[in-house]
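J.: The structure's right below; bear with me while I get my questions together.
The values are calculated or read from the model by the stated rules, or taken from the named source; none is laboratory data. Fair warning: this is a prediction, and the values are worked out from it, not measured in the lab. Cβ placement follows ideal geometry from the backbone for every residue including glycine, while neighbour counts extend to all protein chains displayed.
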Amino acid sequence: MELKSLLDQPNKLPTVPKVTQQLIQSFGSENVSADEIAHQLAADPVLTAKLLRLANSAYFNFSRAIGSVDEALLMLGFVMVRNLVLGHGMVAAFRNTPGMNLKQFWRYNLYTACASRWLAGRAGVNTDLVFTLGLMHGIGQLQMHAGMPATMAPLDRQLNVLDAGRAELEKQALGFHYGEVSAELAKIWNFPLPLCLALRDIPQPLAAHEFSEPAAWVHLGAWRARTEVLEASDEEVVASYPAQVGRRLGVDPAWVGAIAAQSPQHEHDVMPALKELTEGLDAMLS
């Protein structure tokens, strides 16, 4: 099946909740009304409850309780609220996907988003954009499994969907990979073009026609998430580190605990454990 055919199946395209669609439209708007967004969110009691639970989670660690959508917008900022709602919407849109371990998949995506955000923050990069890309970068896998399950089954038997070599395997077998599907879905949902292009390039950032730094940060974050979710040994972590991408970004690999441990005489800014880094945000995926 060609990429165009995969996305030309209206009955198999995910249905995004209305409030998520409205927030997606705000990506390209310069005149977003916080009051209007708060009203839209407050009209959905389930989403409101989830948003307040997230706002009061250990991840944000505010000194006082957040009791309303207005307060959540004020304390978290519009972009982070949008990201949280977007994550919730993506989970709802792909609730039933054949051949996928959804619990593992969404944990991997959340780990990717938070790991990428941590890395980008230390480099002075737009952390909100990187977080959004991290949350969304794998949705192409879900669409591929929903739209052509029989085609994906033998690939799944050959290689885990989270494996670093998965994009290359898909490219060889199908002519396109999950990053390209993620990008096309984002276009259908009217995301800004730079975000769509970054989604396309995350699996292989150094092969892109034009290098995208946000895509490269998410590539690194996805690698870290993958090693955690697939329970890689320290030896496997060190051996699989995407050193070329790291060098292009100018980041010292000692942010990885297993690599930092090889030179204990130096102090390193090691990324916290991903369970700690994402504490509280798993409510987004329930």
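J.: Counting only residues that are over 13 Å from THR227 (Cβ atoms) and surrounded by 16 or more Cβ atoms within 10 Å (Cβ to Cβ), how many does the stretch 256-278 have? Please lay out each step first, then the result.
T.: Here is the first cut: in the stretch 256-278, the residues over 13 Å from THR227 (Cβ atoms) are 260-270, 272, 275-278.
Within this subset, residues satisfying the condition of being surrounded by 16 or more Cβ atoms within 10 Å (Cβ to Cβ) are 260, 268, 277-278.
Total meeting the criteria: 4.
J.: Pairs under 6 Å by beta carbon, first residue modelled with pLDDT of 75 or more in the stretch 1-13, partner surrounded by 13 or more Cβ atoms within 10 Å (Cβ to Cβ), six or more apart or different chains?
T.: Listed by first residue and then by second, the contacts come to LEU3/PHE176; LEU6/GLY147; LEU7/GLU184.
J.: Just to check your reading of the model, which residue among LEU185, LEU133, LEU102 is hydrophobic (A, V, I, L, M, F, W, C) and surrounded by fewer than 17 Cβ atoms within 10 Å (Cβ to Cβ)? Let's see the steps before the verdict.
T.: Working: LEU185 fails: surrounded by fewer than 17 Cβ atoms within 10 Å (Cβ to Cβ); LEU133 fails: surrounded by fewer than 17 Cβ atoms within 10 Å (Cβ to Cβ).
Selected residue: LEU102, the only one of LEU185, LEU133, LEU102 that is hydrophobic (A, V, I, L, M, F, W, C) and surrounded by fewer than 17 Cβ atoms within 10 Å (Cβ to Cβ).
J.: Now for a different question. Could you tell me whether any residue of the stretch 220-229 is part of a loop (DSSP other than H, G, I, E, B), polar (S, T, N, Q) and not assigned by TED's automatic domain parsing to the domain that holds VAL85?
T.: Keep residues of the stretch 220-229 that are part of a loop (DSSP other than H, G, I, E, B), which gives none.
No, the conditions are met nowhere in the stretch 220-229.
J.: Any residue in the stretch 126-153 that is within 18 Å of ILE202 (Cβ to Cβ) sitting within a Cβ distance under 6 Å of a residue that is surrounded by 24 or more Cβ atoms within 10 Å (Cβ to Cβ) and among the aromatic types (Phe, Trp, Tyr)? List the pairs, counting only those 6 or more apart or interchain.
T.: Between residues of the stretch 126-153 that are within 18 Å of ILE202 (Cβ to Cβ) and residues that are surrounded by 24 or more Cβ atoms within 10 Å (Cβ to Cβ) and among the aromatic types (Phe, Trp, Tyr), the close pairs are VAL130/TRP217; GLY140/TYR178; GLN141/TYR178.
J.: Return yes or no: is VAL229 in contact with a Pro (Cβ under 9 Å, 6 or more places away or on another chain) and β-branched (Val, Ile, Thr)?
T.: The answer is no for VAL229.
J.: Filtering the stretch 14-50 down to residues that are under 21 Å from ASN190 (Cα atoms) and of a type in the set (Val, Ile, Thr), which residue is modelled with the lowest pLDDT? Break it down stepwise before answering.
T.: As a first pass, look at the stretch 14-50 and keep what is under 21 Å from ASN190 (Cα atoms): 14-34, 36-37, 40-41.
Okay, now just the ones that are also of a type in the set (Val, Ile, Thr), so 15-16, 19-20, 24, 32, 37.
Values: THR15: 71, VAL16: 69, VAL19: 72, THR20: 73, ILE24: 72, VAL32: 63, ILE37: 74.
Once the filter is applied, the top-ranked residue is VAL32.
J.: Also, I was wondering about something else. Taking the stretch 149-164 as the region of interest, how many residues are within 18 Å of ALA215 (Cβ to Cβ) and more than 16 Å from the chain's Cα centre (by Cα)?
T.: At the first step, the residues of the stretch 149-164 found to be within 18 Å of ALA215 (Cβ to Cβ) are 162, 164.
The next check asks that each one be more than 16 Å from the chain's Cα centre (by Cα); those that pass are none.
Residues flagged as within 18 Å of ALA215 (Cβ to Cβ) and more than 16 Å from the chain's Cα centre (by Cα) within the stretch 149-164 amount to 0.
J.: Answer yes or no as to whether ALA239 is in contact with a helix residue (DSSP H, G or I) (Cβ under 7 Å, 6 or more places away or on another chain) and assigned to a helix (DSSP H, G or I).
T.: Values: in contact with a helix residue (DSSP H, G or I) (Cβ under 7 Å, 6 or more places away or on another chain): no; assigned to a helix (DSSP H, G or I): yes.
No, not satisfied.
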